[in-house]
Amino acid sequence: MAKKTITSILRRLMPALFKNKKDIKLGFYGPPNAGKTSLANRICKDFTGEEIGSVSKIPHETRNVQFKEKVEISYKGKKMTFKMIDTPGITTKVDYEDFLKYKMNKQDAKNRAKEATQGIIESIKWLDDMDLVVIVLDATENPYNQVNITIIGNLVARKIPVLIVANKSDLNKADVKKIQDAFPEYPVVGLSAKYGKNLDEFYDAIFKLSKKVK
């Protein structure tokens, strides 16, 4: 009798024991130069000692999807393991002439524009593999634009949990409330990836949203 009872208890516990064994695929999306890689770098550096990619003032520095496996984040006594996925910035148009102002020669500018366009296509394709997405927006920019609406629309269609980050909140022109007003149906966290400001609120939101991952 005791043996049957233990067996039945174990059967009930098994799904719970293995529910969180899967590494959650956490994707960073958003427009170019919003701070996606900067935020991903800070998280990876804090918990693995390594960064995920390079950053630059030149748009589309990230032109390929980048990964960091087994990033175990500890927060308030809890631990979760993520596969961090940093994606190229999404925009509606990539013009090679935009890169010329950064003293890039014409051929390099054309190559960068081509790679950036391919990266955008790759980013969209990867949405189907995401468990949870962080949309990183520049808090000094107007959130009401076609790019942001397109990204969020794609996520809604796929029923992927979303956290919106209003990055660069340390700057005087930053307006976190404007982003909150633009997307009232989603959690919004204002932070500074550059200085690591308000990351506690970010981790709190990520852990809460992780519970929605199927």
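Laboratory data are not the source of any read-out in this text; all were calculated from the coordinates shown. Note that the structure is predicted; figures quoted are calculated from it, not measured. For neighbour counting, all protein chains shown are included, and Cβ atoms are generated from backbone atoms with ideal geometry for every residue, glycine included.
For the chain, find the longest principal axis of its Cα atoms and tell me its angle to the long axis of helix 199-210, 0 to 90°, nearest 10. Helix 199-210 sits at roughly 60 degrees to that axis. Among the listed values (1) 25, 22, 16; (2) 33, 19, 17; (3) 35, 19, 17, the one matching semi-axes √(5λ) of the Cα gyration tensor in Å as calculated from this structure is (3).
Extension gain, Lys194-Asp181: 0.36 nm per intervening residue step, less the Cα-Cα distance, totals 2.3 nm. Is region 111-214 best put as rounded, prolate or oblate by its Cα gyration tensor, with a ≥ b ≥ c the root eigenvalues, rounded for a/c under 1.5, and otherwise prolate when a/b is larger than b/c, oblate when not? Verdict is oblate for region 111-214. Cross-link pairs exceeding 30 Å in C-alpha to C-alpha distance, out of Lys25/Lys114; Lys83/Lys197; Lys103/Lys177; Lys68/Lys106, comprise Lys103/Lys177; Lys68/Lys106. In this Cβ point-charge picture (+1 for Lys and Arg, -1 for Asp and Glu), the chain has a dipole of about 1080 debye about its Cα centre. Structure note, pairs Lys70/Lys93; Lys45/Lys70; Lys78/Lys194; Lys70/Lys211; Lys125/Lys159: Cα-Cα distances above 22 angstrom occur for Lys70/Lys93; Lys78/Lys194. Please report the antiparallel percentage of DSSP beta bridges with both residues in region 22-210, rounded to the nearest 5. The antiparallel fraction comes to roughly 35 percent.
Using alpha-carbon positions, what is the distance between the centroids of region 149-199 and region 68-134, in Å? Using only Cα atoms, the two centres lie 17 Å from each other. Packing, taken as the mean count of other beta carbons within 10 Å per residue, orders the peptides 183-190, 152-159 from highest to lowest as 183-190, 152-159. Ordering of 49-55, 76-82 by packing is 49-55, 76-82, highest average first (other Cβ atoms within 10 Å, averaged per residue). Farthest toward the positive end of the dipole of the chain, out of Ala174, Val65, Asn111, is the Cα of Val65, where the dipole comes from beta carbon charges about the Cα centre. Within the listed set Ala182, Ala174, Ala113, the Gaussian network model of the chain (springs between alpha-carbon atoms below 10 Å) gives the highest mean-square fluctuation for Ala182.
The GNM of the chain, with springs linking C-alpha atoms under 10 angstrom apart, assigns the highest mean-square fluctuation among Met104, Met130, Met84 to Met104.
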